[in-house]
1. Apply the Karplus curve 6.51 cos²θ - 1.76 cosθ + 1.60, θ = phi - 60°, to the phi angles in the range 150-160 and return the couplings in whole Hz, x for Gly and Pro.
2. Suppose we keep just the DSSP beta bridges with both residues in the chain; what percent of those would be antiparallel, to 5?
3. What is the ratio of the Cα radius of gyration of the range 2-125 to 2.2 N^0.38 Å, where N is its residue count, to two decimals?
4. From the phi of every residue in the range 206-220, what ³J(HN,Hα) in whole Hz does the Karplus formula 6.51 cos²θ - 1.76 cosθ + 1.60 yield, where θ is phi - 60° and glycine or proline is x?
5. What's the FRET efficiency of Arg25 with Thr70 using the Cβ-Cβ distance as r and R₀ = 41 Å, to the nearest 0.05?
6. What FRET efficiency comes out for Arg156 versus Ser115 if R0 is 25 angstrom and r is the Cβ-Cβ distance? Round to the nearest 0.05.
7. Quick one, can you get me the convex hull of the C-alpha atoms of the range 103-160 expressed as volume per residue in Å³?
8. Could you grab the relative contact order for the range 138-276? Cα pairs under 8 Å, six or more apart, rounded to a whole percent.
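Read-outs throughout are calculated quantities, based only on the coordinates presented, and are distinct from any laboratory measurement. This one's a predicted model, so the numbers in the text were calculated from it and none came from an experiment. Neighbour counts are summed over all protein chains in view; Cβ atoms, including those assigned to glycine, are modelled from backbone coordinates with ideal geometry.
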Amino acid sequence: MVRLRLDLAYDGTDFSGWAKQPGRRTVQGEIEAALGRILRVAEPPALTVAGRTDAGVHARGQVAHLDLETDALEAVQSRNRRRTAAGETSPEPGSAAELDERLAALCRRLAGVLSPDVRIYRVTVAPEGFDARFSALSRRYAYRVCDAPGGVDPLRRREVLWYSRPLDVDRLNAAAAALLGEHDFAAFCKKREGATTIRELQRLDWAREDGLVVATVVADAFCHSMVRALVGSLLPVGEGRLPVEWPGRVLTRAVRDSGVHVAPAHGLCLEEVRYPAGEELARRAAATRRVRTFSS
């Protein structure tokens, strides 16, 4: 068996999120179907992803892994045969060079099979201990907002939210500061049975970039809908409709608050997933699998 790491990106507009669902077009479903077709296997290999994005959410820096019998890669048309036919030297069978060549061929085949709104731009052998989900140190998201009176650039309408009132970046950052650190984010999450809502929010700040107001959000992990709920609680503060202290007060109550409106999905993009050095991957995965409480 070999574990492969996939680095990928997608426009989430026409997907019902990452996770495979019967009768729905999803990112996972599209990629697994493409892999099954290319590898010529009846049961496509299952993907494990760093972060399950919701319907309409985009990704530039998503990471996934899959486990595969090395023999399955023999179905990938590589350049070996063309090289041999042309009299060139091909890599030694079973060598690392041959594997690298087959992975490059797999990447090219995926580009030809997948629809243009999802791209796998790198396929590599994962280091020992790597788990796309549990080995991750952090995920970085960006939420992009346009508060210009005339609205969003039409060419960016699928990735930028138009907010009809002007936003004060200083107010946004003052309110966001109270949310940083390790807390129970139950007020900003959709509760799931058996799952903790304790998270460490490492970064949440706002800046004006290229005419947009952009939130950068980094945490070790996120609960379901957490980033969009955080953004949704801050936008009314930024326009002056709610006091700067309000999101912090909501956080301390640690219960889902009806006043927190989840921001639309299309403004959100997963930009980066960070991992530790190779020797720390397995240790990080083991630590992440433990259900977190404040006493731990």
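1. Each residue of the range 150-160 in turn: x, x, 7, 3, x, 6, 10, 5, 7, 10, 10 Hz.
2. 90
3. Relative to the 2.2 N^0.38 Å estimate, the range 2-125 comes out at 1.12.
4. In residue order, the calculated couplings are 10, 8, 8, 9, 6, x, 10, 9, 10, 8, 9, 10, 10, 8, 5 Hz.
5. Efficiency, rounded to the nearest 0.05: 0.85.
6. The pair Arg156/Ser115 has a calculated efficiency of 0.75.
7. For the range 103-160, the hull spanned by Cα atoms encloses 116 Å³ per residue.
8. Dividing the mean separation by the residue count of the range 138-276 yields 37 percent.
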